[in-house]
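The values are calculated or read from the model by the stated rules, or taken from the named source; none is laboratory data. What you see is a predicted model, and the numbers here were worked out from it, not measured in a lab. So basically every Cβ, Gly included, is an ideal-geometry build from the backbone, and we count neighbours across all protein chains shown.
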Amino acid sequence: MARNAEKAMTTLARWRAAQVQEAGGLNKERRPFLASECGDLPQAEKWRLQIIGEIAKKVAQIQNAGLGEFRIRDLNDEINKLLREKRHWEDQIRELGGPDYFRVGPRMLDHEGREVPGNRGYRYFGAAKDLPGVRELFDQAPPLPPRKTRTELMRDIDADYYGYRDDDDGLLLPLEKEAEKIARSKAIEEWKAKKESGVTDEESAETDAEDIYNTVIDDTGGAEDPTASSMSQQSQYTSHVPVPSQKDVEEALLRKKKQELLDKYGCMDVKLES
């Protein structure tokens, strides 16, 4: 019969031992439920690597879309639970003086999942991204940008907003030059027409400046001769009191102003001669 040592070296024995170890034997050490219960840094590193191995297996399984909707959802929940547990162990490793895996560690497993906008922390992996109701979450329109306050709006207002630099846009000056050319050519044509007709500038100015004082409007609405109108007025109106001239009015105003100044500065006894 074969010895016990030889039996242990057979392929069947080794395969059975590996199977028992993977499934969990009686002597297999269980991972603590809380990461804070572990006070040994090498043990914490060991449990973290174990969790990473479990995550990798489940991420590979969830890629199969034929598992069914319920199984895929369960796998996705288990992966997110293991990711949270891995972060707890990484925090415990940092507390025990180990490396900070959150900064320097690889995050390939985290990056394989897709996070729904507005649902921070929960990720969907593999076939879970195409589940009914999940695809619509990723197709949501992005949120509208926040409205600007009055202070932010006034910060962007400058002289261009009020039209103070309209002349600098290069559009108004060419239009003004074109209008100036048209007005200048029109004025030159009018001057040439007057010159050909024999009317000088002085005569046209005298003709345009109508004497409104020498024109009297009669009752019928027509203009009468100034001489005839003055004669008719002299014959119709008679002055019973002397009418002061413009010079007399100015002298009277000047005397009144002087008297007011004398009264103002205490010269009450001084009276101007009338």
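Here are the numbers:
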{"item": "Unique residue being of a type in the set (Asp, Glu) and at pLDDT 90 or above when the list is 178, 206, 196", "result": "178"}
{"item": "Residue that is modelled with the highest pLDDT, among those in segment 102-114 that are assigned to a helix (DSSP H, G or I) and closer than 23 Å to residue 77 by Cα", "result": "102"}
{"item": "Selected residue [assigned to a loop (DSSP other than H, G, I, E, B) and at pLDDT 55 or above] from 266, 221", "result": "266"}
{"item": "Among residues of segment 64-73, those that are of a type outside the set (Lys, Arg) and surrounded by 14 or more Cβ atoms within 10 Å (Cβ to Cβ), counted", "result": "2"}
{"item": "Residue selected from segment 74-101 under the condition at pLDDT below 85 and touching a helix residue (DSSP H, G or I) at 6+ places or on another chain (Cβ under 6 Å), by the criterion nearest to residue 58 (Cα to Cα)", "result": "101"}
